[in-house]
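What follows is a short report on a single structure.
Rule-based calculations on the coordinates, nothing more; no lab input. None of the values given here were measured: they were computed from a predicted structure. Because the Cβ atoms are built from the backbone with ideal geometry, glycine has one as well, and the counts that use them run over all protein chains shown.
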DNA sequence: ATCTTAAATTGACATAGATCAATGATATCG
DNA sequence: CGATATCATTGATCTATGTCAATTTAAGAT
């Protein structure tokens, strides 16, 4: 199992009990799926929720088995991936707090979810939740918005996968990851510098995301370092030295 | 403008008037966004809808300008694409009836939509529709389901873009396209054979979808022909001769 | 400290797919 | 019916990225 040594980037624990979590104190209360619920509705929903923790590398759900539970990410990063019959793998998304994981209205996931860092999620049984969703438009609305964001980013990555060079892909990943990590940390009330962060993915995980090999990813890091766009310490700690140039590489229009 | 000569694959006209369409007779009444609406609600919605027709090649909306209208595809195929500052292009999805086009709750599209064939859509003003959506949970629910399907297929294509060979990509496209076209035709009550269809995309459009060049796509067609998996007439009319083998190439597990 | 292990880097070489260029089909128009 | 234009195919290279192998770095255990 990889990543054993990763320190979860969010270290504070919520004070939720494990059976009847105090949702009011939840890390993602303000922005997650539950943010649109009033306290009555929340009290109802709370009855079916349960906290779960995963260690970095753990599988959260897989392709083949029907989903028992959906979940909201409270803490840590979740990797979503797909796999071809012969084993070729492609990461199709990263989930940060307060993302939802699972496929609403279906009992089969067409993908795998695994914990990239240590992860805490708030789970709820599939059937109950689907019923609940149908009778609670505000909840469904919020989940719809989260889904639209995921669709936007999936399409963004399609452009990246189909048309960018290896160097551009790495630049795009660094920018995207730094922003999402930064936001997740701020959300938790933690200190964070946008341009200085721990890259929580291994080269293998990066290459699965970018549709490249480990070696090619490594070479692009060397090029970015040599060009003075980034600085890397201990192969994990990234400092972005020239964000505008990275933006240009990543195809972000700069006005 | 390309594709001038394309005959729209759905030739019957709906009998909807152009200002107050008779939704009950709509091609996609049974399966589209409106399928969940009762006739009262439908009568309301109808007040803000308007039919629009586009010729093959026409732009429906673009990246830069805010969306004025959303739409449901009644007829024809819509291409969604993204473009890098230097002009590199990636198709991120194909819309068939009864797909929704536009980005709910936002006034900016992060993509271009253009008509791949002649297209008829049912449009509605953005602001009115967003309001309507918020007050009509059944409508929002249906749109949510359509969006989930799009997310599923975007992720499917991410695996394709990131990890498949050129030959596999072409196989996957042919299978996917034949199915969706078949369904769209059946939906319209037209005759259709799953394994015999007109490929409505040019090689350029295919290559934009698959993240390849025209020449590479062409070569893969030749290989598939030579292997006896497909037959091509006049460079447009495809017959799938060996679907199981194509399925294997496309990474579809066969049990 | 030294040993062990996993991950990252770097180099040498191979190859899938891109690029450039020529030829061949198909459809349109006079 | 031939002329023209567009699109598709095929061939000859080139190149970015993959593959294979050796080395280096970092981290943890003893």
### Task
Would you order B:164, B:51, A:158 from fewest to most other beta-carbon atoms within 10 Å of each residue's own beta-carbon?
B:51, B:164, A:158
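Assign one of three labels to the protein assembly as shown, namely rounded, prolate or oblate, based on the Cα gyration tensor with a ≥ b ≥ c the square roots of its eigenvalues; rounded applies when a/c is under 1.5, prolate when it is not and a/b is larger than b/c, and oblate otherwise.
Details: a/c = 1.72, a/b = 1.22, b/c = 1.41.
In terms of gyration-tensor shape, oblate.
In percent, how large is the relative contact order of chain A, given Cα pairs closer than 8 Å and 6 or more residues apart?
Working: 411 pairs, mean separation 47.6, N = 255.
Over chain A, the number comes to 19 percent.
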### Query
In whole percent, what relative contact order does the stretch A:164-249 give with Cα contacts below 8 Å and a gap of six or more residues?
36 percent
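What list do you get for A:218, A:81 if you sort them by fewest beta carbons within 10 Å? Mind dumping the intermediate values first?
Working: A:218 16, A:81 21.
Ranked by crowding around the Cβ, least crowded first: A:218, A:81.
When only Cα pairs under 8 Å and 6 or more residues apart are kept, what is the percent relative contact order across the stretch B:23-159?
Values: 241 pairs, mean separation 44.5, N = 137.
Rounded, it is 32 percent for the stretch B:23-159.
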### Summary
Rounded to 0.05, the calculated FRET efficiency for the beta carbons of residue A:218 and residue B:165 at R₀ = 25 Å is 0.60
### Task
List the residues of the stretch B:81-124 whose backbone N lies under 14 Å from a point placed 7 Å from the Cα of residue B:63 along the Cα-to-Cβ direction.
B:81-92, B:109-114
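Provide A:122, B:31, B:23 in ascending order of the number of other Cβ atoms located within 10 Å of each residue's Cβ, fewest first. Don't jump to the answer; show the numbers that get you there.
On the way: A:122 28, B:31 14, B:23 20.
Starting with the residue having the fewest Cβ neighbours, the order is B:31, B:23, A:122.
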### Summary
Quick calc, residue A:183 & residue B:128: beta-carbon distance into FRET formula, R0 25 Å, rounding 0.05, result 0.15
### Teacher prompt: residue A:128 distances to equivalent labels in other copies, 7 Å Cα→Cβ, nm
4.3
### Query
Label-to-label distances across copies for residue B:226, with labels 7 Å out along Cα→Cβ, in nm, shortest first?
3.8
### Query
Quick one: label points 7 angstrom along Cα→Cβ at residue A:25, distances to the other copies in nm, smallest first?
6.4
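Let a ≥ b ≥ c be the square roots of the eigenvalues of the Cα gyration tensor of the stretch B:101-235; is it rounded (a/c under 1.5), or, if not, prolate (a/b larger than b/c) or oblate?
Details: a/c = 2.37, a/b = 1.85, b/c = 1.28.
Taking the square roots of the gyration eigenvalues as a ≥ b ≥ c, the stretch B:101-235 is prolate.
If I stretch the segment between residue A:243 and residue A:24 completely, what's the gain in nm (0.36 nm per residue apart, minus their alpha carbon distance), one decimal?
In short, 75.1 nm is gained.
For n ≥ 4 DSSP H runs only, could you compute -39500 (n - 2.57) per run for chain B, divide by its residues and tell me the 222 nm figure to the nearest 500?
On the way: 7 runs with 95 residues, N = 255.
Result for chain B, helices only: -12000 deg cm²/dmol.
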